[in-house]
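The values are calculated or read from the model by the stated rules, or taken from the named source; none is laboratory data. What you see is a predicted model; the values in this text were computed from it and never measured. Cβ: placed from backbone, ideal geometry, glycine included. Neighbour counts: every protein chain shown. Surface accessibility is based on the protein's heavy atoms, side chains included, excluding ligands, DNA and RNA. Shrake-Rupley method; radii C 1.70, N 1.55, O 1.52, S 1.80 Å.
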Amino acid sequence: MIDLKTPDEVAKMRQTGRLVHRVIHETGKHIAAGITTAELEDIAVSIISEAGGSSPCLGYAPYGHPPYPAWTCISVNEEIVHAIPGPRIIKEGDLVTIDCCAELNGWLADSAFTFPVGKVSTQAAKLLKITEECLYKGIAQAKPGNRTGDIGYSVQKHAETAGFSVVRELNGHGVGRKMHEGELHVPNFGYRGKGTVLKEGMTFAIEPMINIGREHIRTRADGWTIVTRDGSLSAHFEHTVAITRDGAEILTNGE
Ligand code: MF3
Ligand code: CO
């Protein structure tokens, strides 16, 4: 069963979504050569805690993983997702993804944004542009009667047309009272007209992870950090959306 949210519940998720947007973009202003990802995490933690929120990531331990030790995931360059903030020093030309899922008053929202550090390569800039566009192509397909495959198809088509590849092992997911409402999976690849039918009241994250090189991944020895196997750059943009009668309402765009 996929939990359908009432307009009132969606409004509560939007409150959390506003906080998540602020965390990502206020923390993002501090991204510069010389700062560590642990220092960025500290900034994010203070914004979330001062707002009265908390982190569903901290201590999160799905089967086969050690408990996640931080509030955010901050992934650099070849790190696709779930990199644990730590001593890695940001440098000019890097791509830094801040991924934040927070809880406020019992409701969650999840979003990610990849920032360029200073001047990045032409290919890196193209990767950012295409990956963000993939997110919005996916969101455009998120409406009642469409299926998860319509989202995946449009994300995949846009990424592959640009010559990039789509990570297969990680999907968008239902979000609401929990970070991963397990009955709903939103792959970033697939076929039009296949997958779960979207209904008004569904709330979920759409989150393309796109690589410049091949799609294959590897998990580092810390049990969390997922990197491209070929070491190529990866980008990640994510929004939490709610399905309404007319389409998708983005809950994490700061509005
Ligand atoms: N936004 C991330 C996700 O949906 C949050 C991960 S928290 C972690 O996977 F604990 F799993 F790292
Ligand atoms: Co997510």
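Taking the numbered list (1) touching a helix residue (DSSP H, G or I) at 6+ places or on another chain (Cβ under 9 Å); (2) open to solvent by 20 Å² or more (accessible area, probe 1.4 Å); (3) of a type in the set (A, V, I, L, M, F, W, C); (4) in a loop (DSSP other than H, G, I, E, B) in turn, Ala70 passes all entries but (2). In the set Lys178, Lys194, only one residue is closer than 24 Å to Leu108 by Cα and among the basic types (Lys, Arg); that residue is Lys178. Quick one: would you say Leu95 is touching a Pro at 6+ places or on another chain (Cβ under 7 Å), at pLDDT 95 or above and buried (at least 22 other Cβ atoms within 10 Å of the Cβ)? Yes; evaluated as a whole, the condition is true for this residue. When the residues of region 188-223 are filtered to those that are among the acidic types (Asp, Glu) and within 16 Å of ligand 1 (Cβ to nearest atom), the one that is farthest from Leu4 (Cα to Cα) is Asp222.
Please enumerate the residues belonging to region 173-193 that are away from ligand 2 (no atom under 12 Å from the Cβ), open to solvent by 70 Å² or more (accessible area, probe 1.4 Å) and either in contact with a Ser or Thr (Cβ under 7 Å, 6 or more places away or on another chain) or of a type outside the set (Phe, Trp, Tyr) (or both). Result: Arg177, Glu183, Arg192.
Among the residues making up region 84-125, those that are part of a loop (DSSP other than H, G, I, E, B) and not charged (D, E, K, R) are Ile84, Pro85, Gly86, Pro87, Ile90, Gly93, Asn105, Gly106, Val117, Gly118, Val120, Ser121. Within region 198-251, the set of residues being away from ligand 2 (no atom under 16 Å from the Cβ), more than 22 Å from Lys129 (Cα to Cα), of a type in the set (Gly, Ala, Ser) and touching a residue at least 60 places away in the same chain (Cβ under 8 Å) comprises Gly201, Gly223, Gly247.
You will find that of Glu183, Glu133, Glu160, the residue that is within 16 Å of ligand 1 (Cβ to nearest atom) and not hydrophobic (A, V, I, L, M, F, W, C) is Glu183 and no other. Quick check, is Leu58 touching a residue at least 40 places away in the same chain (Cβ under 8 Å), outside any strand (DSSP E or B) and of a type outside the set (Asp, Glu)? In short, no. Given the condition outside any loop (DSSP other than H, G, I, E, B), basic (Lys, Arg) and open to solvent by 20 Å² or more (accessible area, probe 1.4 Å), answer yes or no: does some residue in region 24-37 qualify? There is no residue in region 24-37 that is outside any loop (DSSP other than H, G, I, E, B), basic (Lys, Arg) and open to solvent by 20 Å² or more (accessible area, probe 1.4 Å). Residues in region 134-153 that are crowded, with 24+ Cβ neighbours inside 10 Å and part of a helix (DSSP H, G or I): 6 in all.
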